[in-house]
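The values are calculated or read from the model by the stated rules, or taken from the named source; none is laboratory data. The shown structure was predicted, so the numbers you read here are calculated from the model rather than taken from an experiment. Here the Cβ is made from the backbone with ideal geometry for all residues, glycine too, and neighbour counts use every protein chain on show.
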Amino acid sequence: MQNAVGFVRPKHNNIWLILSCFIVLVGLYGVVQVFLHGQEESYGITREVPWGLLIIGYSFFVGITLGTAVVGALAHVFKIDSFNIMSKKLALVSVSSLIAGFFIIYWDLAGPYDLQVLRLVVYFAEFKITSPIWWLVVLYASELPLLAFEVYFLLSQKENSAFYASLIGTSLSIVAYGTMALVFDANSSRPLWHTSSFALFFIISAIAGGFGVVLVMIFLNNVTQKYKKSIIVLSKTLFFLLTFMLVIDFWNVVINSYSSDVLLGATMRLFIGKGVLAYNFYFYEIILGIILPMFLLLVGRFKSSVLAFISGILTIVGLFFSRYDAVIGGQLLSRPSESMKFVLHNYSVSASEISIFVGSIGVLFFVYFLGAKFFNLEESTL
Amino acid sequence: MISTVNQKSNKNQNLAMVIIGDRCIGCDACYVACKTDWDVPALKESYRTKVWEVEGEDNLGRPTISFLPVLCNHCQNAPCVTVCPTGASFQREEDGIVLVNSDMCIGCKACMIACPYDARYYDEQKKSVDKCTFCLPRLNNGLDPACVATCVGGSRNFGDISDSESSVSKLLENATSISRLKEDEGTLPNVYYITVND
């Protein structure tokens with residue numbers, strides 16, 4: 001049966017669709033816990049650390065959206081052949097990851113069962129232009145249809161329309177993700193976030209994550225031979241992005257350690273020595289997420305599809321932990337007055353939060369494989 | 001205690017709390033009165049006001065304990081109001097009180113993050129962020145805020161600092177030192193900490 005924008009895919013996709021449903025179901029645990037006990041008891045968040053894994057997850061998923069959208073734009077807007085890889089699949093990953101982001105942030109907001117998020121719609125006309133979250137709503141609400149249009153235009157082989165959808169959608173992705181960083185960045189009382197490099201690091205690392213996703217997709221789709229040259233270009237670009245991230249991370253630690261801001265100085269001590277975030281930062285974010293993938297890419301001389309695949313996975317893992325360290329690190333210390341010592345707060349991820357995060361990964365896969373079931377995602381002719 | 005505010009709030013008031021630091025004995029009566037009056041959830045981390053114990057040293061190096069009552073500073077330049085995406089957090093023009101309209105709150109907690117004073121908490125029952133209101137309903141009935149009314153040491157004082165004849169203005173005028181918390185944040189808080197010669 002022919003679809004208006006493609007062909008129905010073979011049945012084997014159902015297996016992945018069913019598997020992704022099971023992953024979504026993992027999220028049921030958290031959803032039920034919130035229903036029975038409420039958010040405060042179900043989540044690990046506290047008065048002092050009100051943003052936890054669900055916010056981290058949101059910044060992670062929309063980061064993947066940005067990264068994959070950028071790779072797509074390099075192909076459709078800048079017409080760089082090496083990046084013209086599985087265009088339709090990549091565009092669908094962008095949309096799927098954005099929907100997963102919406103899913104996880106929904107469970108972070110008050111009264112998910114009372115649909116209190118609809119107040120955003122009711123009071124939208126308040127035009128709270130000083131609020132980064134208000135802008136976030138505007139930008140992401142605009143981005144989703146644009147990215148969906150990009151998928152549609154790619155499927156229907158409308159090159160010119162795909163060009164504009166990709167150009168506007170990706171531009172919006174960058175602005176939206178920068179605004180998401182601003183949600184943290186705008187808090188002058190939290191010096192770890194309140195730096196000019198914060199948004200830059202968020203955007204660069206998200207783009208690196210997108211390159212990681214593409215390398216993983218090439219390997220899993222068993223098209224490594226076909227994209228031999230692309231793997232080299234992708235690997236080299238990822239290496240460059242990881243180097244950039246390492247430089248930003250390094251100088252952030254050095255410069256912040258010299259800061260006259262006592263809160264920033266104290267916060268940096270969380271990341272060094274025996275600080276509570278030191279292991280996360282050095283092992284997961286720096287070694288696993290940046291240095292090891294760089295090393296593997298070098299060892300493979302940027303040609304090895306297997307090492308590129310592993311590097312891609314590590315980059316994605318590193319992206320998650322960089323968000324964890326940034327979001328939690330900015331909240332762990334406070335003091336009521338200048339005359340008091342800093343109070344170190346605790347944040348422990350709860351089982352409910354983990355289940356909703358895993359469920360969100362399931363949502364990403366589910367939306368993707370649902371698209372793969374109904375649309376022909378094979379090779380773009382653009 | 002005689003109320004320092006009028007029956008109804010007038011325009012151009014600048015309501016503030018003036019806390020005489022060394023008169024606080026750390027009895028937590030303010031904490032209890034506030035929780036009871038406003039049905040603040042029993043959870044320890046849910047409070048609109050509390051008293052911190054501050055450890056220090058005297059001139060001879062001996063350990064000391066002093067008390068620091070804290071509450072929402074009803075900042076003139078309130079970052080919690082700026083970041084709110086729906087307008088649920090707002091500041092009354094007539095007296096500067098910062099409030100939360102719980103019917104508009106989506107629970108994003110951006111205001112909790114933005115507040116340098118950790119003055120807000122999330123109320124699961126209301127499904128909204130909540131905070132000190134300077135006891136606005138009590139003010140409207142000609143009463144002082146509950147924490148002021150119950151303060152046994154007379155540490156907490158409340159009134160309109162734009163009125164030079166108010167008790168709080170006189171306290172500020174006669175104070176030997178005046179400070180506000182985290183003034184370098186640029187929030188222009190309306191809670192003053194003073195010492196007096198008495």
Can you confirm whether region A:15-29 contains a residue that is of a type in the set (S, T, N, Q) and crowded, with 23+ Cβ neighbours inside 10 Å? no
If you go through B:124, B:173, the only one that is of a type in the set (Asp, Glu), away from every other protein chain (no Cβ under 14 Å) and on the phi < 0 side of the Ramachandran plot is B:173
Among all residue pairs at least 6 apart or on different chains, which show Cβ distances below 6 Å where the first residue, located in region A:250-266, is at pLDDT below 90 and the second is among the aliphatic types (A, V, I, L, M)? A:256/A:264; A:256/A:268; A:257/A:268
Does residue B:36 qualify as being surrounded by fewer than 22 Cβ atoms within 10 Å (Cβ to Cβ), among the hydroxyl-bearing types (Ser, Thr, Tyr), away from every other protein chain (no Cβ under 12 Å) and not in a strand (DSSP E or B)? yes
Of the conditions (1) in contact with a Gly (Cβ under 7 Å, 6 or more places away or on another chain); (2) touching a residue at least 60 places away in the same chain (Cβ under 8 Å), residue A:363 fails just one. Which one is it? (1)
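Residue by residue, here is whether (1) within 19 Å of the chain's Cα centre (by Cα); (2) outside the structural domain of residue A:174 (by TED's automatic domain parsing); (3) at pLDDT 95 or above holds:
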{"position": "A:213", "(1), (2), (3)": "yes, yes, yes"}
{"position": "A:230", "(1), (2), (3)": "no, yes, no"}
{"position": "A:236", "(1), (2), (3)": "no, yes, yes"}
{"position": "A:239", "(1), (2), (3)": "yes, yes, yes"}
Does residue A:166 meet the test of being modelled with pLDDT under 95 and outside any helix (DSSP H, G or I)? no
Of the conditions (1) more than 14 Å from chain B (Cβ to nearest Cβ); (2) of a type in the set (S, T, N, Q); (3) surrounded by 18 or more Cβ atoms within 10 Å (Cβ to Cβ), residue A:189 clears all except one; give me its number. (1)
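Please verify whether residue A:151 is assigned by TED's automatic domain parsing to the domain that holds residue A:247 and either polar (S, T, N, Q) or within 30 Å of residue A:309 (Cβ to Cβ) (or both), treating the condition exactly as stated.
Numbers: assigned by TED's automatic domain parsing to the domain that holds residue A:247: no; either polar (S, T, N, Q) or within 30 Å of residue A:309 (Cβ to Cβ) (or both): yes.
Spelling it out, it is not the case that residue A:151 is assigned by TED's automatic domain parsing to the domain that holds residue A:247 and either polar (S, T, N, Q) or within 30 Å of residue A:309 (Cβ to Cβ) (or both).
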How many of the residues making up region A:285-310 are buried (at least 20 other Cβ atoms within 10 Å of the Cβ) and over 29 Å from residue A:222 (Cβ atoms)? 2
Return the residue satisfying two criteria in turn: it lies in region B:71-95 and is surrounded by 21 or more Cβ atoms within 10 Å (Cβ to Cβ), within 19 Å of residue B:145 (Cα to Cα) and at pLDDT 95 or above, and of such residues it is farthest from the other protein chains (Cβ to nearest Cβ). B:74
Report, by residue number, each residue of region B:1-29 that is modelled with pLDDT of 90 or more and in a loop (DSSP other than H, G, I, E, B). B:13, B:14, B:24, B:25, B:26, B:27, B:28
Take the residues in region A:331-354 that are within 30 Å of residue A:214 (Cβ to Cβ) and surrounded by fewer than 22 Cβ atoms within 10 Å (Cβ to Cβ); name whichever of them is farthest from the other protein chains (Cβ to nearest Cβ). A:354
Kindly evaluate residue A:328 against the criterion of being assigned to a helix (DSSP H, G or I), of a type in the set (Val, Ile, Thr) and touching an Asp or Glu at 6+ places or on another chain (Cβ under 7 Å). no
Go through the residues of region A:146-164 one by one and say whether even a single one is within 10 Å of chain B (Cβ to nearest Cβ), within 24 Å of the chain's Cα centre (by Cα) and small (Gly, Ala, Ser). no
So, in region B:39-56, how many residues would count as being in a loop (DSSP other than H, G, I, E, B) and more than 8 Å from chain A (Cβ to nearest Cβ)? 7
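Within region B:137-157, is there a residue that is facing another protein chain (nearest Cβ under 9 Å) and not in a loop (DSSP other than H, G, I, E, B)?
no
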Determine which member of the set A:202, A:211, A:153, A:184 is over 19 Å from residue A:64 (Cβ atoms) and part of a helix (DSSP H, G or I). A:153
Test set (1) surrounded by fewer than 18 Cβ atoms within 10 Å (Cβ to Cβ); (2) farther than 25 Å from residue A:242 by Cα - residue A:80 fails condition number: (2)
Out of (1) outside any loop (DSSP other than H, G, I, E, B); (2) surrounded by fewer than 21 Cβ atoms within 10 Å (Cβ to Cβ), what's the single condition that is false for residue A:274? (1)
Being of a type outside the set (S, T, N, Q), touching a Gly at 6+ places or on another chain (Cβ under 6 Å) and either more than 24 Å from residue A:337 (Cβ to Cβ) or buried (at least 18 other Cβ atoms within 10 Å of the Cβ) (or both) narrows B:131, B:109, B:127 down to just B:127
Residue B:133 is checked against (1) within 14 Å of another protein chain (Cβ to nearest Cβ); (2) of a type in the set (Val, Ile, Thr); (3) part of a loop (DSSP other than H, G, I, E, B) and fails just one. What number does that condition carry? (1)
Just checking, how many residues over region B:96-121 are out of contact with any helix residue (DSSP H, G or I) (no Cβ under 6 Å at 6 or more places or on another chain), within 10 Å of chain A (Cβ to nearest Cβ) and not in a loop (DSSP other than H, G, I, E, B)? 3
Per the filter on region A:221-239, residues surrounded by fewer than 14 Cβ atoms within 10 Å (Cβ to Cβ) and free of Cβ contacts under 8 Å to residues at least 24 places away in the same chain are A:222, A:225
Taking first residues from region A:37-61 that are facing another protein chain (nearest Cβ under 7 Å) and second residues anywhere that are part of a helix (DSSP H, G or I), the pairs with Cβ under 7 Å that are 6 or more apart or on different chains are A:50/B:112; A:50/B:113; A:51/A:327; A:51/B:113
